[in-house]
Amino acid sequence: MINDILTRNQSLNRLSINRKEIIQWIDEMYQWLFATEESLADEEAFSKAYTHLYKKLDIILQQLPEQERVSVAFFSELNETHKILFLDLEAIYEFDPAAKSRDEIILSYPGFYAIAVYRLAHILWQLNVPVIPRIISEYIHGKTGIDIHPGATIGHSFFIDHGTGIVIGQTAIIGNHVKIYQGVTLGALNVKKEEAETKRHPTIKDNVIIYANATILGGKTVIGTDTVIGGNVWISSSVPANSLVFNKSEIVIKSNKIFPEPLNFVI
């Protein structure tokens, strides 16, 4: 039995990746990118932290043939990514009346945390780093309930409100100033393996708002600029710019005095 298990595992040709190290590194990256004023005051310590994170990525990537090139390329992208994240931060602060400060967003908003970590994982994805971007995205998925594939393309000033249950697929394209609420799915119409290299997920143009539990499917589906998608809608074809899409339902309110006794529901 032991030999059989050993043989099967050897056939996988698995990489020796330390998941715990990757998770620790991504959390440290987030803390470093949004360091406190006290940390920033000590420039030497801030620089040492940068060197530590750089070396740690080198260790994580040590099995890759172009390890040094990947590390250099990743950190060369950080300044631009940091700028975009500040635009995301401002979008949340400006749009969410519940946000009292930017510190509150950085320290407590799962939506911003998921966006920030997605943007770091996306750099690694674009550099063709295997497995690691998915480990990062699934770690954040588990922590926040927000599932953003690192291959998705997302513009600046992106706002996720509440966030739980959001799914954004690998080939989704999201423009600038887009706002998404909890439970939204940007998914594929088909999940056939042979379509893995095709565009399977929708395109969301600039300034679109998608309210809770909306489902938008298909690689050819385009949601036009300045469109508002209402809650709980199901969309599998394109929507023109400046549209309002919603379900029309009837809500009936009656006095509970018509019932002789309270209703009991068993689920």
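The values are calculated or read from the model by the stated rules, or taken from the named source; none is laboratory data. A quick note: this is a predicted structure, and the numbers were derived from the prediction, not measured. Here the Cβ positions follow ideal geometry from the backbone for every residue, glycine too, while neighbour counts run over all protein chains shown.
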Matching residues, the range 138-162, being assigned to a helix (DSSP H, G or I), out of contact with any strand residue (DSSP E or B) (no Cβ under 6 Å at 6 or more places or on another chain) and of a type outside the set (K, R)
E138, Y139, I140, G142, T144
State whether the residues of the range 11-28 include one that is surrounded by 14 or more Cβ atoms within 10 Å (Cβ to Cβ), among the acidic types (D, E), assigned by TED's automatic domain parsing to the domain that holds V117 and without any contact (Cβ under 8 Å) to a residue 12 or more places away in the chain.
yes
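Condition (residue is under 19 Å from I123 (Cα atoms), over 22 Å from the mean Cα position of the chain (by Cα) and either at pLDDT 95 or above or surrounded by fewer than 16 Cβ atoms within 10 Å (Cβ to Cβ) (or both)) applied to the range 32-44: is it met by at least one residue?
no
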In the same structural domain as S101 (by TED's automatic domain parsing), part of a helix (DSSP H, G or I) and over 17 Å from P133 (Cβ atoms) - does that describe any residue in the range 61-75?
yes
Single unsatisfied condition, S255 versus (1) over 29 Å from I106 (Cα atoms); (2) in contact with a strand residue (DSSP E or B) (Cβ under 8 Å, 6 or more places away or on another chain); (3) hydroxyl-bearing (S, T, Y)
(2)
Just one of D88, D96, D58 is over 21 Å from L120 (Cα atoms) and either touching a residue at least 40 places away in the same chain (Cβ under 8 Å) or surrounded by 12 or more Cβ atoms within 10 Å (Cβ to Cβ) (or both); which is it?
D96
